[in-house]
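None of the figures in this text is laboratory data; all of them are computed from the coordinates on show. Just so we're clear, the structure is a prediction, and the values are computed from it rather than from any experiment. Cβ placement follows ideal geometry from the backbone for every residue including glycine, while neighbour counts extend to all protein chains displayed.
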């Protein structure tokens, strides 16, 4: 198998941004050449060795990338984990330690967490719950935690309990760990006690127990690692976990988003030729977050969620139906024939488990999967803020020709509008230049939505970054990044060059891309010689250059603003505020911000 390792110049046609205040430059991409097979699932960075570990599920391997020099990063090894289980799912690192989770050959059986050193040498392994899809190291430096989804078999003949496995790591030595160091937390407490009826318990046509029906997905921690917050995606709920000692605190229902409110509309049809983001009567969205990220403001913990949506859709049981096949109550919907038209709501997928409780046959309300947004929750699981329909509104402005495209087809305009839209899946949060930012990966549409989250009650949109060339075939590596599944934030204090980084794992294109973020970015990073520096950035209009140079300046949409030859400054004082790109003779480019 051949592998590609590329240093990527910015393409003005694949990058899009709007109202940007945070400089972001994609500098590097590692390609596994595994299209639509999970070549890059998630990653973890170990700062002592300056190595990035990336899960290649397609080949059951963990790629080891040395990123000490971001211009000349390269793969230094691979960990073949095929002998430890059927499928590698996730990786997490701490000091000289790499933890990897593996699913069993029978996915409903217990999985494993396997430990290696950063050179890939085997150290130890332990048994954890079924299908451990994620592993994370706690901020307390005392626990590894695996998220064991426990999803059912396709025919529902087997449906194990979802759970969390907490590995006590106080000793700091993986080789000394035994099964006695593993505490598995399940949700069986609610098999015999009351729970919030808004928690969706419905698997196997309502025959599943509470504990079997819970399917944990994403995880985040408070700053001292005393609590973990876990999304129960299909159940539209949040589990709060105590880690000292490991135990279940509570489960909170996340409720529903009213798509009939101003600013909470959606584009619901893949058949209507035009983009139509509209409010819809008695249509509600289930948040159903995938990944979570946590941060702290003024001593309070806030949870950020990427509200992807997820349905139970198996051969043994499915909850999915399109609105044009649902019986609508004539007492509630007096225009049902119009609503069920394929160009209105008819094609939108909804659940059959909600909205029909009056007589069990007719729906007086409709519930769709996911909310096409990201949300802020407090540490008790109460909604603080939601981005509403901003994702789709911004895509309509910035990517009108490719709005709501699918991740494996570059000619799929609006293909996902009847499903979960752009499908926010990955999320990370980090502090850059004294400000807190959230980075949300749109799994189907691709790209990263960036928000300033200094104020958890009122986050503000910063920019949308998309490295996807729709003019190429999707399976061509030149088409860019497809299907972001995981975003890793690397703070400046741990980064090899002192500039904060994002590592974005793209499950469809099978590549992992690195972005440098913050005010320290300059053109000099892209060249073997110290070519050029630009300052100040942002500026009110005058940008100084470290030496005379020839450059072209473009707006974010690719429009040429001007050509500057042999000059040591760029004057944009007569241009509108916003994002611009400067491009040197070699084709390398840099974002600059005019205030």
Exercise for the section: For residue 494 and residue 383, compute 0.36 nm times the residue count separating them, minus their Cα-Cα distance, and round to one decimal in nm. Expected result: 36.8 nm
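Once you have a ≥ b ≥ c as the square roots of the Cα gyration tensor eigenvalues for the chain, tell me rounded if a/c is under 1.5, and otherwise prolate or oblate according to whether a/b is larger than b/c. Don't jump to the answer; show the numbers that get you there.
Details: a/c = 1.82, a/b = 1.20, b/c = 1.52.
In terms of gyration-tensor shape, oblate.
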Fill in the blank from the handout: For residue 83, placing the label point 7 angstrom along Cα-to-beta-carbon and taking the stretch 104-138, residues whose amide nitrogen sits under 19 Å are 104-105, 112-127
Handout entry: the chain - percent relative contact order, Cα under 8 Å, separation 6 or more
Key = 14 percent
Problem - Where a label projected 7 Å from the Cα of residue 226 along Cα→Cβ would reach, residues of the stretch 235-265 with amide N under 13 Å - result: 242-245
Practice task
With a Förster radius of 22 Å, plug the Cβ-Cβ distance of residue 361 and residue 322 into 1/(1 + (r/R0)^6) and report the FRET value to the nearest 0.05.
Solution key: 0.85
Fill in the blank from the handout: Taking a ≥ b ≥ c as the square roots of the Cα gyration tensor eigenvalues, with a/c under 1.5 meaning rounded and otherwise prolate when a/b beats b/c or oblate if not, the stretch 362-504 comes out oblate
Problem - residue 95-residue 188 pseudo-label distance in nm [points 7 Å out on the Cα-to-Cβ vector] - result: 3.5 nm
Completion exercise
Here the equivalent ellipsoid of the stretch 534-594, derived from its Cα gyration tensor, has semi-axes (largest first, whole Å) of 16, 14, 10
Practice task
With a 10 Å radius around each residue's Cβ, average the other Cβ atoms per peptide and rank 246-259, 54-67, 187-200, 283-296, highest first.
Solution key: 283-296, 54-67, 246-259, 187-200
Problem - Overall form of the stretch 353-403 per C-alpha gyration tensor (a/c, 1.5; a/b vs b/c) - result: oblate
Completion exercise
With the label point 7 Å along the Cα-to-beta-carbon line of residue 68 and a cut-off under 20 Å to each amide N, the hits in the stretch 88-103 are 93-98
Problem - Burial order of peptide ranges 471-484, 412-425 (average beta-carbon count within 10 Å, highest first) - result: 412-425, 471-484
Problem - Pairwise FRET efficiency - residue 205 versus residue 337, Cβ, R0 = 35 Å, nearest 0.05 - result: 0.75
Practice task
Note the full-extension length gain between residue 409 and residue 561 as 0.36 nm times their separation in residues minus their Cα-Cα distance, in nm to one decimal.
Solution key: 51.5 nm
Practice task
Note down the relative contact order for the stretch 392-516 as a percent, whole number, built from C-alpha pairs under 8 angstrom at least six residues apart.
Solution key: 19 percent
Handout entry: Mean Cα-pair separation over length for the stretch 534-594, i.e. relative contact order, pairs under 8 Å, 6 or more apart, %
Key = 35 percent
Problem - For the stretch 540-555 versus the stretch 267-334, the gap between their alpha-carbon centres in whole angstrom - result: 45 Å
Exercise for the section: May I ask you to compute the full-extension gain from residue 105 to residue 48, defined as 0.36 nm times their residue separation minus their alpha-carbon distance, rounded to one decimal in nm? Expected result: 17.1 nm
Completion exercise
Rounded to one decimal in nm, the spacing of the 7 Å Cα→Cβ label points at residue 400 and residue 297 is 3.3 nm
Practice task
Report, in deg cm²/dmol and to the nearest 500, the calculated mean residue ellipticity at 222 nm for the chain, where each DSSP H run with n ≥ 4 adds -39500 (n - 2.57) and the sum is divided by the residue count.
Solution key: -500 deg cm²/dmol
Problem - Antiparallel bridge percentage (DSSP; both residues within the chain; nearest 5) - result: 95 percent
